[in-house]
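Enquirer: Supplied in structure tokens, the structure appears directly below.
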Amino acid sequence: MTVPTQADEPRSLPYRAPLPRALLVYGARKSGTTLVQSMLDGGASLPMVPGELKLKYIVKKRWIKSRSRTLAHWYAESGRSFFPVIPKPNGEEPARIAGLSREQVGQAIDLEKYAEGLDAIARLGDPPLAEILREDARAFLGAMKADWREARFWGSKEVGGETAEILALFRECFPEGMLVLVLREPVFTVRSILMKRRRWGIRLGGIRSIMHEYGDAQRVINEGYREALGGNAVIVTYERLTADPEGESKLLCERLGIPFDEIFARPTTLGQEVVVDTSSRQTTEVFRQVPDWQEGLSRKQIFILSICRIFGPAAYRLRGKRMVSYQALTELLDSQRPKRDQSSSRS
């Protein structure tokens, strides 16, 4: 398998071919976005860019507060989570990227070539965001060593931030693009964040931090409910995906209109099996969450999360909004699943 050459079609750079459709995997932190990203990775029909696409920072216009001269210049340095560790043409060594060593990454993509493409983006001037993202996709695909000419999508992942604004920005840039929303019950999402901080020796945070993470997860649930009622996003729940990885991957591929490949049933980065970068266990296997969200949490943390669950709906009503329960959302999603899928899940 080889990257297209100039002999295949004339162009000034190897990544000037027409792009496939854009795809964005989005959800709250620790909701399963990295798992979905890694399970969609590896097939010829959907090359996935590792790491996170920092749309939330663009929504907040963080680049204006930086020393970057333009959005393009800021994006080339900080637009994705792994950009700071990509080797520059002067030969700087990268750290691990999405769980892979430099040697492993080098088997799939020419990082120096990709870095040259990012340097070119930094010199673009002040183009619109959509053009910057397309140039990034061309640079990434052009640096890949596999043949991507049959790809139907190129994919990215983003987490957290202002959900509605991020989804609107993606759709503004890519009207024909596809959204994959990853949903998980908020108390389990926050529990995973707290347990990760404990494993890494990071301060666990108090009531404000926990309420912020709960609110982040709840915003995605509310947006997922709106999409389920009348949007065109493909919705994946963490609970179903971890209970039946292969079955849910097949259904996801069917909804995206791409052929299922066995590689989609297990986590990979750039086609290589990995321990999911944010996983709580050192295994390449997909595993289910614990049945009780209170397991492993302190009494204070359980109390704060219980308060969020009890008084959250009232807080939303005071702002003239509705807080959708995770149960209501999953019931709606279950009613929309194919009948053959519902019958098989009951058997």
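Enquirer: Could you identify the single residue in Ala217, Ala233 that is surrounded by fewer than 20 Cβ atoms within 10 Å (Cβ to Cβ) and small (Gly, Ala, Ser)? Before you say what the answer is, go through the steps one by one.
Expert: Numbers: Ala217 fails: surrounded by fewer than 20 Cβ atoms within 10 Å (Cβ to Cβ).
Just one listed residue meets the conditions, Ala233.
Enquirer: Can you name the number of the only condition in (1) assigned to a helix (DSSP H, G or I); (2) in contact (Cβ under 8 Å) with a residue 24 or more places away in the chain; (3) surrounded by 21 or more Cβ atoms within 10 Å (Cβ to Cβ) that Glu248 fails?
Expert: Among (1) assigned to a helix (DSSP H, G or I); (2) in contact (Cβ under 8 Å) with a residue 24 or more places away in the chain; (3) surrounded by 21 or more Cβ atoms within 10 Å (Cβ to Cβ), Glu248 violates only (2).
Enquirer: Oh, and also: Condition first: closer than 14 Å to Phe153 by Cβ and not in a strand (DSSP E or B). Now tell me which residues in the range 20-38 satisfy that. So that I can check it myself, show each step before the final result.
Expert: Taking the range 20-38 as the starting set, the residues that turn out to be closer than 14 Å to Phe153 by Cβ are 20-25, 36-37.
Pro20, Val36, Gln37, listed by residue number.
Enquirer: Checking Gly99 against (1) at pLDDT below 90; (2) surrounded by fewer than 20 Cβ atoms within 10 Å (Cβ to Cβ), which test does it fail?
Expert: That leaves (2) as the condition not met.
Enquirer: Right, next: Can you tell me which of (1) modelled with pLDDT under 90; (2) surrounded by fewer than 19 Cβ atoms within 10 Å (Cβ to Cβ) is the one Gly42 doesn't meet?
Expert: Among (1) modelled with pLDDT under 90; (2) surrounded by fewer than 19 Cβ atoms within 10 Å (Cβ to Cβ), Gly42 violates only (2).
Enquirer: Tally time: how many residues in the range 177-196 are outside any helix (DSSP H, G or I), surrounded by fewer than 24 Cβ atoms within 10 Å (Cβ to Cβ) and not hydrophobic (A, V, I, L, M, F, W, C)? Steps first, answer last, please.
Expert: Step one: of the range 177-196, the residues outside any helix (DSSP H, G or I) are 177-185.
Filter once more, keeping what is surrounded by fewer than 24 Cβ atoms within 10 Å (Cβ to Cβ): 177-180, 185.
Right, trim to not hydrophobic (A, V, I, L, M, F, W, C) and you get 177, 185.
Selection size over the range 177-196: 2.
Here's the yes/no breakdown for (1) free of Cβ contacts under 8 Å to residues at least 60 places away in the same chain; (2) of a type in the set (D, E, K, R); (3) surrounded by fewer than 22 Cβ atoms within 10 Å (Cβ to Cβ):
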| site | (1), (2), (3) |
| --- | --- |
| Val105 | no, no, no |
| Ala115 | yes, no, yes |
| Ala120 | yes, no, yes |
| Phe140 | no, no, no |
| Ala151 | no, no, yes |
| Gly155 | no, no, no |
| Val159 | no, no, no |
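Enquirer: Grab the helices (runs of 4 or more DSSP H) fully contained in the range 73-176, keeping just those with 3 or more residues being in contact with a strand residue (DSSP E or B) (Cβ under 7 Å, 6 or more places away or on another chain) and either more than 26 Å from Asp216 (Cα to Cα) or not hydroxyl-bearing (Ser, Thr, Tyr) (or both). Steps first, answer last, please.
Expert: Details: elements: 102-106, 111-122, 129-143, 163-173.
Counting at least 3 such residues, we get 129-143, 163-173.
Enquirer: Leu129: hydrophobic (A, V, I, L, M, F, W, C) and within 22 Å of the chain's Cα centre (by Cα), yes or no? First the steps, then the outcome.
Expert: Working: hydrophobic (A, V, I, L, M, F, W, C): yes; within 22 Å of the chain's Cα centre (by Cα): yes.
Judged against the criteria, Leu129 is a match.
Enquirer: Moving on to the next point. Can you tell me which residue among Ala17, Ala22, Ala7 is crowded, with 16+ Cβ neighbours inside 10 Å and either at pLDDT below 95 or farther than 30 Å from Glu262 by Cβ (or both)?
Expert: Values: Ala22 fails: either at pLDDT below 95 or farther than 30 Å from Glu262 by Cβ (or both); Ala7 fails: crowded, with 16+ Cβ neighbours inside 10 Å.
Answer to the check: Ala17.
Enquirer: For the structure I just gave you, tell me whether Gly160 is closer than 18 Å to Ile58 by Cβ and not hydroxyl-bearing (Ser, Thr, Tyr). Write out each step before concluding.
Expert: Working: closer than 18 Å to Ile58 by Cβ: yes; not hydroxyl-bearing (Ser, Thr, Tyr): yes.
Taking the combined requirement at face value, the residue satisfies it.
Enquirer: I need every pair where a residue in the range 256-272 that is free of Cβ contacts under 8 Å to residues at least 40 places away in the same chain and closer than 20 Å to Arg240 by Cα has its Cβ under 9 Å from the Cβ of a residue that is part of a helix (DSSP H, G or I) and among the acidic types (Asp, Glu), sequence separation at least 6 or different chains.
Expert: Phe260/Glu246; Phe260/Glu254; Glu262/Glu246
Enquirer: Count, please, the residues in the range 41-72 that happen to be under 27 Å from Trp148 (Cβ atoms) and part of a loop (DSSP other than H, G, I, E, B).
Expert: Total satisfying the criteria: 12.
Enquirer: Separate question: Is one or more of the residues making up the range 168-179 on the phi > 0 side of the Ramachandran plot and either without any contact (Cβ under 8 Å) to a residue 60 or more places away in the chain or not small (Gly, Ala, Ser) (or both)?
Expert: Going through the range 168-179, the residues on the phi > 0 side of the Ramachandran plot turn out to be none.
No.
The values are calculated or read from the model by the stated rules, or taken from the named source; none is laboratory data. These numbers were taken from a predicted model, which means no experiment stands behind them. Every residue, glycine among them, receives a Cβ derived from its backbone with ideal geometry; neighbour counts consider all protein chains shown.
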